[in-house]
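The values are calculated or read from the model by the stated rules, or taken from the named source; none is laboratory data. Note that the coordinates shown come from a computational prediction; the quantities given were computed from them, not determined experimentally. Neighbour counts are summed over all protein chains in view; Cβ atoms, including those assigned to glycine, are modelled from backbone coordinates with ideal geometry. In case anyone asks, the SASA skips ligands and DNA or RNA and just uses the protein heavy atoms, side chains included. Shrake-Rupley method; radii C 1.70, N 1.55, O 1.52, S 1.80 Å.
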Amino acid sequence: MTTKVPPLTYKVIAECSVTKARAGLMTLRHGEVNTPVFMPVGTQGTLKGLLPDQLIELNCQILLGNTYHLGMRPGIETLQKAGGLHKFMSWPRGILTDSGGFQMVSLLKLAQIDENGVNFCSPFDNSECMLTPEHSIQIQNTIGADIMMQLDDVVKTTTVGPRVEEAMHRTIRWLDRCINAHARDEDQSLFPIVQGALDPELRKICADALIQRKVRGYAVGGLSGGESKHEFWRTVHVCTDLLPKDKPRYLMGVGFAADLVVCVALGIDMFDCVFPTRTARFGCALVNTGQMNLKNKKYENDMRPIDDECECSTCSRYTRSYLHHIAAMEAVSCSLLSIHNVAYQLRLMRSMREAIQRDQFPQFICDFMAKHFEGEPVPLWIREALQAVNVDLPPDDVKVKEAVA
Ligand SMILES: [Zn+2]
């Protein structure tokens, strides 16, 4: 009997000799994914304003689908008839689905958590529903994503006291229920989530327990929820020290450019965030120096592309002036800016991978931060986080600002 190839394999291709960054290759049933990777979020089986073909043109290798939204609409039955989300949305590459729990707790004010699962009131007919670990896995098995997330007990990052510990232990118990309910282990990989808020001891207990289970990758959850940046990077640093090196590590809900660079240095391989497509809706384009608000009148007669180094179809065809002109026409503008913003994120990840492979990642970090914070001081948390992985940024070049002042 031949042994079947597992639905996810991960290989470290290059390691930075200074930081904890690594470049890797993750092979899924739906193609290869080069890590570190950014996964755009397609809430309802579509990225707002982007078609699958456009994502393929941008060389997007994996995207994220929201189980809560997909489970509500189109619903399990339709997805089952369609043969899963890949076929339904005509997307041949990788998909990761979340568990639905976080969306519920954050979207539905009435959601309540007990040992059984997350209780909520259906926003459609007000009936009482419950998302259990088993139910979440059943929906995710139907969606058929390459990577599925366990249902976890999410508390606000800033929560303190016994509730944090309770949620961490419950997350481990729910993981075992998810593993037992998982009916398609030969096609889909289930990732557990390290919880424990900002307490390094709790994070350690949680990570140790997860490592004992047979899984193919790990997620770090419960961050990017109102904690200070100082607490944020320390917790990421603690978690990447605890997790095994031979499996991918996914940091949930993080996507600002500077955060991505810091967290790759801390050893994270996968990211997702709604930010690039959300900010596009407000007329904002991502650039190396931060964000460009194209609604601003100063772009009225600016005939340059958003970024002349960007190879996306928006930058090769349209000027800032045109994008300013259509900024009020939300659908078109959102689509053109989403293309650029996703291209920006993917290009940033690609540059990091290449720098890691050349073993020049520390230099990449210094160049990136100099450009990103041009004329203003680099935030202290970034300096400290990078020092923790042996990168000393040069002193701030604040001459520009002083000269203006
Ligand atoms: Zn562009």
Across (1) part of a loop (DSSP other than H, G, I, E, B); (2) small (Gly, Ala, Ser); (3) closer than 22 Å to residue 217 by Cα, residue 23 clears everything bar (1)
- Item | Filter result for residue 308 (touching a helix residue (DSSP H, G or I) at 6+ places or on another chain (Cβ under 6 Å) and without any contact (Cβ under 8 Å) to a residue 40 or more places away in the chain) | no
Subset of region 117-134, residues of a type in the set (Phe, Trp, Tyr) and open to solvent by 50 Å² or more (accessible area, probe 1.4 Å), comes to 124
Reported set for region 275-287 where residues are under 21 Å from the mean Cα position of the chain (by Cα) and within 15 Å of the ligand (Cβ to nearest atom) is 276, 277, 279, 280, 284, 285, 286, 287
Over region 278-303, the set of residues of a type in the set (A, V, I, L, M) and in a helix (DSSP H, G or I) is 280
Of 254, 262, the only residue that is within 27 Å of residue 359 (Cβ to Cβ), in the same structural domain as residue 197 (by TED's automatic domain parsing) and in contact (Cβ under 8 Å) with a residue 60 or more places away in the chain is 262
- [ ] Might you let me know whether region 288-303 holds any residue that is more than 9 Å from the ligand (Cβ to nearest atom) and among the small types (Gly, Ala, Ser)?
- [x] yes
Flagged in region 316-343 as touching a Pro at 6+ places or on another chain (Cβ under 8 Å), at pLDDT 95 or above and buried (at least 23 other Cβ atoms within 10 Å of the Cβ), in numbering order, are 341, 342
Out of (1) touching a strand residue (DSSP E or B) at 6+ places or on another chain (Cβ under 9 Å); (2) of a type in the set (Gly, Ala, Ser); (3) closer than 28 Å to residue 11 by Cβ, the one residue 338 does not meet is (3)
Q) Going by the structure shown, is residue 267 away from the ligand (no atom under 16 Å from the Cβ) and open to solvent by less than 70 Å² (accessible area, probe 1.4 Å)? A) yes
Here the residues within region 55-78 that are closer than 26 Å to residue 335 by Cα and modelled with pLDDT of 90 or more are 55, 56, 57, 58, 59, 60, 61, 62, 63, 64, 65
Picked from region 135-162 (must be more than 18 Å from residue 252 (Cα to Cα) and touching a residue at least 40 places away in the same chain (Cβ under 8 Å)), the residue most open to solvent (accessible area, probe 1.4 Å) is 138
Counting only residues in region 354-385 that are closer than 15 Å to residue 264 by Cβ and of a type in the set (Asp, Glu), the one least open to solvent (accessible area, probe 1.4 Å) is identified as 359
Checked region 304-345 for anything assigned to a loop (DSSP other than H, G, I, E, B) and near the ligand (Cβ under 10 Å from one of its atoms); matches are 305, 306, 307, 308, 309, 310, 311, 312, 318
All conditions in (1) under 22 Å from residue 40 (Cα atoms); (2) assigned to a helix (DSSP H, G or I); (3) of a type in the set (A, V, I, L, M, F, W, C) are true of residue 190 except (2)
